[in-house]
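We did not get these values from a lab; they are worked out from the coordinates using the rules stated. The structure presented is a predicted model; accordingly, all values stated were derived computationally and were not measured. Cβ atoms come from the backbone with ideal geometry, glycine included; neighbour counts cover every protein chain shown.
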Amino acid sequence: MSGRLRFGVIGAGRIGPVHAENLAFRVPQAELAVIADLRPEAAQAVAARCNIPRMVSTGEEVLADPGIDAIVLCSPTDTHADLIVAAAKAGKHIFCEKPISLSLKEIDRALAAVEAAGVKLQVGFNRRFDSNFLRVRQAVASGEIGTPNLFHIVSRDPFPPPLSYLRPSGGIFLDMMVHDFDMACFLMGEEVEEVYAAGAVMVDPGFAAEEDFDTAVVMLRFKSGAIGTVDNSRKSTFGYDQRVEILGSKGKIATENRYPNQVVVSGEKCVYSDLPFNFFMQRYTDSFAAEVQAFTESVLEDKPVAVTGTESRLPVVMALAAGKSSQERRPVRLSEIHA
Ligand SMILES: NC(=O)c1ccc[n+]([C@@H]2O[C@H](COP(=O)([O-])OP(=O)(O)OC[C@H]3O[C@@H](n4cnc5c(N)ncnc54)[C@H](O)[C@@H]3O)[C@@H](O)[C@H]2O)c1
């Protein structure tokens, strides 16, 4: 495909504007032609900010536009599978926010439609594009720290979402830890075969009424025998807490939080710095731009996408296994989870 790729963004809530701004201002090979949202005021605000010439209400209207080559799907998770199937039938390439669905059956239905249509699909596991995590991956892949034995991810949000968000999101394992499950497999370069999860309600008792946890730890057992943990909390008072450490046979590699500045203040009683970036939009800004840039290049240059639909399915399996494990209070093998 030559020239610029003509995009439509579907969904102008939290993440839609992030992708719209990147397509409009940071990806030279992209042209953002249309934005859709059921709420006209949301679409209008993004259209004005990003100079988008056309605004519509539904994803279907974007798919009916023969001038659109690719869509960026930022509507709620429960709309993804139907829109992917329709987009594939319309011959549009698809960038879909994570996860494709909370249901493995729905994911498989969407992937089958993509396969049948021969269009490209990339899923929004943006953390794979973060420069710190890429360096960690490189250290593991190159053998720089030897054989990885022990793995830790700390991933904590600054504040919890509204309680109304929880149930449709699928809960802490499917909504939040799914990112960390993807990172675990990506950074270690291998799959997990068993998880052992514990969850608690420590931040807001309202989580219990929604049958969700606000605090969770999952132990991972990788196929190589290596083990690791992921710890999530919905509340970290000092900002977005995103750290990784891997211990290998020849050393360790670790990443710390990212900060808006590098200043250290030394006083009479203590030495301190400002708080880390507050949330994902600031912390992962560069990775959001890099993932849509990579997707655009994959389509224009007919190269494989960086995060395939099949790869994106595994973290959902891990999340479902973690949910089962926390309920049954026992380790759960991924082979126990079926579509
Ligand atoms: N990669 C990340 O870090 C990240 C961060 C946030 C959200 N997400 C994912 O992005 C998706 C959207 O999340 P969000 O937080 O932006 O949700 P949101 O609720 O803030 O926004 C969704 C928007 O889609 C609109 N919408 C719903 N159905 C539509 C349809 N059929 N056609 C057009 N518009 C429609 C809604 O009106 C709303 O404005 C979810 O799948 C979520 O998991 C990913």
Legend entry - Residues being outside any loop (DSSP other than H, G, I, E, B), touching a residue at least 60 places away in the same chain (Cβ under 8 Å) and surrounded by fewer than 24 Cβ atoms within 10 Å (Cβ to Cβ) - total across the range 6-21: 2
Inset, instruction - Being in contact with a Ser or Thr (Cβ under 8 Å, 6 or more places away or on another chain) and aliphatic (A, V, I, L, M) is the filter here, so list the residues in the range 138-171 that pass it. - result: I145, I153
Legend entry - Conditions (1) buried (at least 17 other Cβ atoms within 10 Å of the Cβ); (2) out of contact with any strand residue (DSSP E or B) (no Cβ under 9 Å at 6 or more places or on another chain): number failed by K92: (2)
Inset, instruction - Take the range 202-240 and flag every residue that is more than 20 Å from the chain's Cα centre (by Cα), farther than 21 Å from V332 by Cβ and crowded, with 18+ Cβ neighbours inside 10 Å. - result: F207
Legend entry - Enumeration of residues in the range 141-167 that are within 22 Å of Y284 (Cα to Cα), away from the ligand (no atom under 16 Å from the Cβ) and of a type in the set (A, V, I, L, M, F, W, C): F151, V154
Inset, instruction - Just give me the residues in the range 116-140 being charged (D, E, K, R), part of a helix (DSSP H, G or I) and within 14 Å of the ligand (Cβ to nearest atom), in sequence order. - result: R127, R128
Legend entry - Residue ID - farthest from R333 (Cα to Cα), chosen from residues in the range 241-262 that are surrounded by 14 or more Cβ atoms within 10 Å (Cβ to Cβ) and polar (S, T, N, Q): N257
Inset, instruction - Only one of these is under 30 Å from P161 (Cα atoms), within 15 Å of the ligand (Cβ to nearest atom) and in contact with a helix residue (DSSP H, G or I) (Cβ under 6 Å, 6 or more places away or on another chain): I15, I52, I35. Name it. - result: I35
